[in-house]
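Visitor: Dropping a structure here in structure tokens format, bear with me for questions.
Every read-out reported here was derived from the displayed coordinates using simple, explicitly stated rules and does not represent laboratory data. Fair warning: this is a prediction, and the values are worked out from it, not measured in the lab. Every residue, glycine as well, gets a Cβ built from its backbone with ideal geometry; the counts of neighbours run over all protein chains shown.
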Amino acid sequence: MGGQLAIKRTADAVTSINRPQYVRMADTLTERIRSGFYPLDSFLPTEAELCLEFATSRHTVREALRLLIGAGLIARRQGSGSRVLSRTEETSYVHSISSFTEILREVQEARFTASVIAEVDAADFSCPFMNLSEAGTWLRVTGVRSDAKTGEAICHSMMFLDASLRHIVEAAPEGSDLCHLLSEAVADQVHEVHQEITVAPVPQEAASAVGLEPGALTVKFLRRCTNSSGEMLVGSANFYPIDRFSYRMSLQRGE
């Protein structure tokens, strides 16, 4: 189940009360910029005015504005406010995770198209993070994850599935999204999600799929979903163009 996990904001995501306040505030400001409510070269309200309108703290306002800056929508200068630079966000993939729910939503907001489905022997595949050594034969599903709205390729993915999930792959209707089907099947079994992000050369089989030259650097995003016994259910290796990826995580202090 690799790949934004928040690729594009949808109406459900914008209105969800489960999203952090600064994210919802950023969504509202983004829609105002897109609609022309805040014209190009105009200035957003001051921090104090935004605090009053959204009934929130300066810290929350600044975090929301930081998202707009990262999207290329505004620029900020000390003493001069936030100026609108663009009405459209820069085309980059933002991986935003704060809960299992966002991981599942990520799967729904992208479309996975499988190109190769084959068995792989753990002895022939070396990836300590996946820890396939305890298993014999796994099912490997290779394909491309694309933006569900624009069709633009986001990343090249290799998924490794426990043998117990084979029936889902075999029963999947032609043209269906295997990622979506698998996420629904294992959602209740997943106890932990482990992730690792590194920079690595793009594999030869992935280069053309994401529009890169062989050997170009990519963001290599590994994910392993395990059950309560620590056994891997689904693992994935995902390769993103390095200039179109950022990672965002929200943490809350425990009680």
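Visitor: What FRET efficiency would be calculated for the residue pair E196, R62, taking the C-beta separation as r and a Förster radius of 35 Å, to the nearest 0.05?
Guide: 0.70
Visitor: State, to one decimal in nm, how far the label point of A187 lies from the label point of N131, with both points 7 Å from Cα in the Cβ direction.
Guide: About 2.6 nm separates the two model spin labels.
Visitor: Tell me which trypsin sites (Lys or Arg not before Pro) from segment 134-196 have a DSSP coil assignment and no more than 15 other beta carbons within 10 Å of their own.
Guide: Those that pass, being in a loop and sparsely packed, are K149.
Visitor: Listed highest first by mean packing, meaning other Cβ atoms within 10 Å per residue, what order do 35-43, 203-211 come in?
Guide: Ranking the peptides 35-43, 203-211 by packing returns 203-211, 35-43.
Visitor: Additional query: Students often check this: by mean Cβ neighbours within 10 Å, which of 48-58, 64-74, 226-236 ranks highest, and how do the rest follow?
Guide: 64-74, 226-236, 48-58
Visitor: Right, here's the next one. Please give the contour-minus-distance gain from S35 to R76: 0.36 nm per residue of separation, less the Cα-Cα distance, rounded to one decimal in nm.
Guide: 12.7 nm
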